[in-house]
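Handing you a structure now.
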Amino acid sequence: MNDKADVWQGTLALMILKTLETLGPLHGYGIARRIEQISGGVLSLNYGTVYPALLKLEQEGSIESQWGVSDNNRKAKYYKLTRVGHKQLERETQDWQQAQMILAKFLSATEPST
Amino acid sequence: MKAVRAWFHRSFGLFGKRRSDAEFEAEMESHLRLHIEDNLRSGMTPEAARRDALIKLGGVEQTKETYRDRRGLPFLETLLQDLRFALRMLRKSPGFTFVAILTLALGIGGNTAVFSVMNTVLLRYLPLPNPQQLVFLSLPNGPPEGLSTTGDDDKSFSYPVFEALRKEHAVFSDLMAYMPLAVDKVAVRSGEDPEEAEGDMVSGNFFSGLGVSFARGRGFALEDETAHTSVVVLSYSYWTTRFGRSPSAIGQTIYVKGVPFSVIGVTAQGFYGVEPGSSTDFWIPLQNRPELSAWGEEPSLIAFYGSPKWWCIQLIGRLVPGVTESQALGKLDPVFQSAAFIGLGTPEPKAKKSNLAFSSTQGIQDLREGYEKPIQILLAMVGLVLAIACANVSMLLVARNAARAREFSVRIALGAGRGRLLRQTLTESFLLVAGGAVIGWMFAISGSQALAASSGVEIPFELDSRVLLFTLAISISCVLVFGLAPLRRAVSVPVGVTLKTSNATAYRDQKSSWSGKAVVASQMALCLILLVGSGLLVRSLRNYQTLPLGLRVDGLLVFGTDPFSVHSDEEKEHFYQNLLTRLRVAPGVESATLISHRLGSGWGWNSVWAIDGVEPQGPFSEIGMSANHVGPDFCHTLGIPILRGRDVTDADTRFAPKVVLVNETFSKRFFPKGDALGHTVTTISSTSVGKHKLENGFTIVGVIGDSKYKRVDEKPKPTLYFPFAQQTPIPNIQVELRTHGNPEALLPNVHAILHGLDPNLPIQKPMTQRAQFDESYSQARLFARLSIFFGVIAVLLVATGLYGTLAYRVGRRTSEIGVRMALGAQHGQVLWLVLRESLLVSVAAILAGVPVAIAGARLMRSMLFGVQPGDRISFLLALFGVILVALAASIIPARRAMRVDPITALRYE
């Protein structure tokens, strides 16, 4: 029954940052939506979990927020990347790619090379 | 960095909680609306759209909770909550709070004050950079023989020694010299009124070598030493008292013994000079003029600091980093041995050798010996007081928490964790202790000032960081002790029991009632120990106070004056005669006399005189004599009985036949069979090392009663009294006045008379002779007073503690007592019920306390005077005191128990 993957610990923040980099300033709902869409419906995401993550990022100074008006004229709180956030995204992306590469190599080395 | 920023935000999140809650609510709302609109657009019914949005969002309350935790610091938040709640609880019972905080404040304050004394006397370094490098130079065996020395002859050196040692740069980065301008204070005038101040002459590197910083202006340079410039540096406290911290003090002129000096600097606050235990008011560079001699010695050849025979210079050195004391001494001793005999000739081979040594600059060396033990005992006493105070507060808390048992049970039943409750009570005891510590700190400030004032140490007992740490440490242990003790009981009560039972028959287990009694009993035992200690000290003090002094001490005023403008003996004799003549006719003065070494001041003149040309043989302890210079009417004014012969009179002038009075001990020691009158006493003057010459015969014309000289607890010693005018040179003299009334009322007249003689002359240390004698046992008096103070506090604490416990227990047993009375118990039986309990507790306390008190009293032996550690009266009084306290504390609860109305009591059920 559990064919949808849960969000891995620590990756949500990276996804949020990437989303904000790609789409520019966006509200919480939009971010949650986007993450779900990109994953092609594979990730099961409680939209609510986005908010504590946003708060954490804001406290760390990676993003900042402001109330604004949405396309269809709705009041919403908009988040946008700060300079610190850009750097953090860059760094974490690299880290992630490296980790992924190592893991990929590790998993593909099926035979012991003697 | 990221984490720090986050913490910063989260701490801020604690405030404005309501507003941001609302904001998050709004954000959620906007989220839902956006989602619902999207859903509607994709063709859902409004119902389904809303449902889907809510499901997608997840548990809203859960999200809110996570969000809240993330926003603030949950730990800190509950702490704040605990604090607020604890404050509310404490405010609700102001009586309890007041008593608890005051009790703790007394305990903590007393400990802090006594520790501050210990810190200053035993632990503190000079407030200078790298103080561990600083050492005093000393001569444990004393200086070489045949020299003129000061009262501090085990740490005084000659100028050649200083010159030789200061060149040892491999050992000392700097060697500083200093010497006082007088034994006590010198006359200083900056405006119209002359006054006294303590001043030192110092070498040019004194301030730079010590690393003294300056509040204003500058210190001395080496040129100031070599050129003997007329500049002066003031201490911060003297600048404050004399110049009101006015910046314009720099450049002003002050007259030291009439010599003008201009002020060039003020040392930083907290620097009181390097003389142990006293505070220096000003410093001048080394001088080489007769008025400003070291120690205020007579301006004769030896008194200039440059003479190799006048060992008057004190030295403090800063060791080069990395040089150990033994390495340093190894290098210095040969240098010292050769420099010591410059100008003295070669030392005799048999003469005792003096060794150079270092003495520590930590604490106050001179006081260490006398104070170390007493301070430790005092610290033990205040420790006991604190223990009693803690026990008291702890019992108060137990009683209070028992009353709150229902509250705790309800909270546990509603799901509060025991940890949470523990934190709650810990917070309360933390608040109590914090209050107690703050007020105790204030007590300690005034307490340590009072201690400093009555101990004769001029340096304030500063409450520095070490004292603060001490206070914090004892406070924290207080929190732990009685934050945890009462709580264990409160939270270990089974919930069901408390909730089920009624208020009156609330849960009570035998064990805890026993522990309550044990606490009271140990408190009383501690109190007993304290009372025995104070009893012994008070009896010692009584012994000091009632010692016969051998003179009529009441009604005597004593003061000094230093006529620095008169030099020749002729002028001096005239000056003192003139002063005496004027004082004799002053209103209120019954008689007047002069004395060179003030009685009871601890200072004296010891030597050996030849009798009828024969030098007494034997160890100094047997043949040593004391002497004093006195004026006309000496015996009459001081009230010393004349046993044979006559008093000193106006006729004993410089040119009259030389005479001397001796005391009874002298007469008995040296003339066991015959009469001392008519025999001759001769000065033994040491012309060179080892060779003595007899000169100046004085005829004994009077034998007078023994009287106390240096201090009240001394043993009678053979003493000679020479007429002051027949001495060469004439020493500086103190004046003794006898009056019928209050001696201090004479002061304005004395002031006017002195001013008439010379406007530059201050009155030195005027006080009653009684007060002067009291100074010689000021330590005993101080400790006796403190122990009385602590004893009274202990008694009060124990009384309130016992009363509280008994009252509480009687309150809880009201219904039981009611039943007993309903069944026919008599008043007497009920009374006995309560009294028996407190009597049992007292007996247990006495059984436990007496052996400890006996052991403790032995430790105090060195502080006792004329009392044995096992003194029966002290012990009986202490026992009596403890039993009295027990009875007094039980009376009110017992009477209340007696008046219990059975009907009312039973209705409680």
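When you scan segment B:757-772, do you find a residue that is of a type in the set (Gly, Ala, Ser) and over 30 Å from B:THR682 (Cβ atoms), even just one?
Start the filter on segment B:757-772 by keeping residues that are of a type in the set (Gly, Ala, Ser), which leaves B:771.
Add one more test, that the residue is over 30 Å from B:THR682 (Cβ atoms), and what stays is B:771.
There is at least one residue in segment B:757-772 that is of a type in the set (Gly, Ala, Ser) and over 30 Å from B:THR682 (Cβ atoms).
Taking only segment A:49-78 into account, find how many residues are more than 19 Å from A:LEU14 (Cβ to Cβ) and facing chain B (nearest Cβ under 7 Å). Write out each step before concluding.
Taking segment A:49-78 first, the residues more than 19 Å from A:LEU14 (Cβ to Cβ) are A:66-78.
Then drop every residue that is not facing chain B (nearest Cβ under 7 Å), which leaves A:70, A:72, A:74-77.
The number of residues fulfilling the criteria is 6.
So, one more: Identify the residue in segment B:543-584 that is modelled with pLDDT under 90 and small (Gly, Ala, Ser) and, among all such residues, is nearest to the chain's Cα centre (by Cα).
Within segment B:543-584, the match that is nearest to the chain's Cα centre (by Cα) is B:GLY560.
Also, quick follow-up: I'd like the full set of residues that are part of a loop (DSSP other than H, G, I, E, B) and over 20 Å from B:GLN726 (Cα atoms), limited to segment B:622-643.
First, the residues of segment B:622-643 that are part of a loop (DSSP other than H, G, I, E, B): B:624, B:631-633, B:639-641.
Answer for segment B:622-643, where residues must be part of a loop (DSSP other than H, G, I, E, B) and over 20 Å from B:GLN726 (Cα atoms): B:GLY624, B:GLY639, B:ILE640, B:PRO641.
Inspect segment B:18-36 for any residue being surrounded by fewer than 17 Cβ atoms within 10 Å (Cβ to Cβ), hydrophobic (A, V, I, L, M, F, W, C), more than 7 Å from chain A (Cβ to nearest Cβ) and over 18 Å from A:LEU54 (Cβ atoms) and give the result as yes or no.
No, every residue in segment B:18-36 fails to be surrounded by fewer than 17 Cβ atoms within 10 Å (Cβ to Cβ), hydrophobic (A, V, I, L, M, F, W, C), more than 7 Å from chain A (Cβ to nearest Cβ) and over 18 Å from A:LEU54 (Cβ atoms).
Moving on to the next point. Looking for whichever is touching a Pro at 6+ places or on another chain (Cβ under 9 Å) and either charged (D, E, K, R) or buried (at least 20 other Cβ atoms within 10 Å of the Cβ) (or both) here; the options are B:GLY818, B:GLY881. Which one fits? Steps first, answer last, please.
Values: B:GLY881 fails: touching a Pro at 6+ places or on another chain (Cβ under 9 Å).
Of the residues listed, the single one that is touching a Pro at 6+ places or on another chain (Cβ under 9 Å) and either charged (D, E, K, R) or buried (at least 20 other Cβ atoms within 10 Å of the Cβ) (or both) is B:GLY818.
Just checking, how many residues over segment B:728-738 are more than 35 Å from the chain's Cα centre (by Cα) and not aliphatic (A, V, I, L, M)? Spell out the reasoning first.
Going through segment B:728-738, the residues more than 35 Å from the chain's Cα centre (by Cα) turn out to be B:728-730.
From the residues that got through so far, the ones that are not aliphatic (A, V, I, L, M) too are B:728-729.
Matching residues across segment B:728-738 total 2.
Which of (1) in contact (Cβ under 8 Å) with a residue 40 or more places away in the chain; (2) over 25 Å from the mean Cα position of the chain (by Cα); (3) part of a loop (DSSP other than H, G, I, E, B) is the odd one out, the single condition B:ARG711 does not satisfy?
Only one criterion in (1) in contact (Cβ under 8 Å) with a residue 40 or more places away in the chain; (2) over 25 Å from the mean Cα position of the chain (by Cα); (3) part of a loop (DSSP other than H, G, I, E, B) is unmet by B:ARG711, namely (2).
Further question: Please go through (1) modelled with pLDDT of 90 or more; (2) in a helix (DSSP H, G or I); (3) among the basic types (Lys, Arg) for B:ARG781 and return the number of the only condition it doesn't satisfy.
For B:ARG781, the exception is condition (1).
Name the single residue, out of those in segment B:828-878 being among the hydroxyl-bearing types (Ser, Thr, Tyr) and touching a Pro at 6+ places or on another chain (Cβ under 9 Å), that is surrounded by the most Cβ atoms within 10 Å (Cβ to Cβ). Even if it seems obvious, please write down each step before you answer.
Step one: filter segment B:828-878 for residues among the hydroxyl-bearing types (Ser, Thr, Tyr), giving B:838, B:842, B:862, B:874.
Going one step further and asking which of them are touching a Pro at 6+ places or on another chain (Cβ under 9 Å), we end up with B:838, B:862.
Numbers: B:SER838: 26, B:SER862: 11.
Checking each candidate, the answer is B:SER838.
Scan segment A:39-68 for residues that are at pLDDT 85 or above, aliphatic (A, V, I, L, M) and exposed (fewer than 15 other Cβ atoms within 10 Å of the Cβ) and jot them down.
Within segment A:39-68, none qualify.
Would you please name the residue that is farthest from B:GLY624 (Cα to Cα), looking only at residues in segment B:656-679 that are among the small types (Gly, Ala, Ser) and buried (at least 21 other Cβ atoms within 10 Å of the Cβ)? Before you say what the answer is, go through the steps one by one.
Residues of segment B:656-679 among the small types (Gly, Ala, Ser): B:656, B:667, B:674, B:676, B:678.
Retained after the next criterion (residues that are buried (at least 21 other Cβ atoms within 10 Å of the Cβ)): B:667, B:676.
On the way: B:SER667: 14, B:ALA676: 17 Å.
If we take residues in segment B:656-679 being among the small types (Gly, Ala, Ser) and buried (at least 21 other Cβ atoms within 10 Å of the Cβ), then B:ALA676 is farthest from B:GLY624 (Cα to Cα).
Going through segment B:38-56 one residue at a time, which ones are under 18 Å from A:SER70 (Cβ atoms), touching a residue at least 12 places away in the same chain (Cβ under 8 Å) and within 12 Å of chain A (Cβ to nearest Cβ)?
Scanning segment B:38-56 gives B:ASN39, B:ALA53, B:LYS56.
Next up: Please determine, by comparing only the residues of segment B:128-146 that are at pLDDT 80 or above and crowded, with 17+ Cβ neighbours inside 10 Å, which one is farthest from B:CYS478 (Cα to Cα). I'd like the intermediate steps shown before the answer.
Let us first name the residues in segment B:128-146 that are at pLDDT 80 or above, namely B:128-140.
Now drop any that are not crowded, with 17+ Cβ neighbours inside 10 Å, which leaves B:128, B:133-139.
On the way: B:LEU128: 34, B:GLN133: 37, B:LEU134: 38, B:VAL135: 39, B:PHE136: 40, B:LEU137: 44, B:SER138: 44, B:LEU139: 47 Å.
Once the filter is applied, the top-ranked residue is B:LEU139.
Would you point out the residue of segment B:77-98, among those that are surrounded by fewer than 19 Cβ atoms within 10 Å (Cβ to Cβ) and touching a Ser or Thr at 6+ places or on another chain (Cβ under 7 Å), that is modelled with the highest pLDDT?
B:LEU83
If you don't mind, there's one more thing I want to ask. Working carefully through the options A:LYS87, A:LYS105, find the one that is more than 8 Å from every other protein chain (Cβ to nearest Cβ), outside any strand (DSSP E or B), over 15 Å from the mean Cα position of the chain (by Cα) and among the basic types (Lys, Arg).
Working: A:LYS87 fails: over 15 Å from the mean Cα position of the chain (by Cα).
Exactly one of A:LYS87, A:LYS105 is more than 8 Å from every other protein chain (Cβ to nearest Cβ), outside any strand (DSSP E or B), over 15 Å from the mean Cα position of the chain (by Cα) and among the basic types (Lys, Arg), namely A:LYS105.
Moving to a separate point now. Is it true that A:THR19 is more than 14 Å from chain B (Cβ to nearest Cβ) and at pLDDT 90 or above?
On the way: more than 14 Å from chain B (Cβ to nearest Cβ): yes; at pLDDT 90 or above: yes.
The answer is yes for A:THR19.
In segment A:34-48, how many residues are more than 7 Å from chain B (Cβ to nearest Cβ), touching a Leu at 6+ places or on another chain (Cβ under 9 Å) and assigned to a helix (DSSP H, G or I)?
Narrowing segment A:34-48 to residues more than 7 Å from chain B (Cβ to nearest Cβ): A:34-45.
Checking the rest, the ones that are also touching a Leu at 6+ places or on another chain (Cβ under 9 Å) come to A:34-36, A:39, A:45.
Then drop every residue that is not assigned to a helix (DSSP H, G or I), which leaves A:34-36.
Summing the residues that are more than 7 Å from chain B (Cβ to nearest Cβ), touching a Leu at 6+ places or on another chain (Cβ under 9 Å) and assigned to a helix (DSSP H, G or I) in segment A:34-48 gives 3.
Looking at (1) more than 8 Å from chain A (Cβ to nearest Cβ); (2) in contact with a helix residue (DSSP H, G or I) (Cβ under 7 Å, 6 or more places away or on another chain); (3) at pLDDT below 75, can you tell me which one B:ALA6 breaks?
All conditions pass for B:ALA6, except number (1).
Among what's in segment B:226-278 and is closer than 14 Å to B:MET201 by Cα and among the hydroxyl-bearing types (Ser, Thr, Tyr), pick the residue that is farthest from the chain's Cα centre (by Cα). Even if it seems obvious, please write down each step before you answer.
Our first condition is that a residue be closer than 14 Å to B:MET201 by Cα; within segment B:226-278, this holds for B:226-235, B:256-257, B:259, B:261, B:273-275.
If we keep only those that are among the hydroxyl-bearing types (Ser, Thr, Tyr) as well, we get B:226, B:229-230, B:235.
Details: B:THR226: 40, B:THR229: 38, B:SER230: 37, B:SER235: 22 Å.
Among them, the one singled out is B:THR226.
Applying the selection to segment B:567-613, what residues are in a strand (DSSP E or B) and under 22 Å from B:PRO729 (Cβ atoms)? Give the steps one after another, and end with the answer.
Filtering segment B:567-613 for residues in a strand (DSSP E or B) gives B:589-595, B:605-607, B:609-611.
Matches in segment B:567-613: B:THR593, B:LEU594, B:ILE595, B:TRP605, B:ASN606, B:SER607, B:TRP609, B:ALA610.
The values are calculated or read from the model by the stated rules, or taken from the named source; none is laboratory data. Predicted model only: the values in this text are computed from it and were never measured. We place every Cβ from the backbone using ideal geometry, glycine too, and count neighbours over all the protein chains shown.
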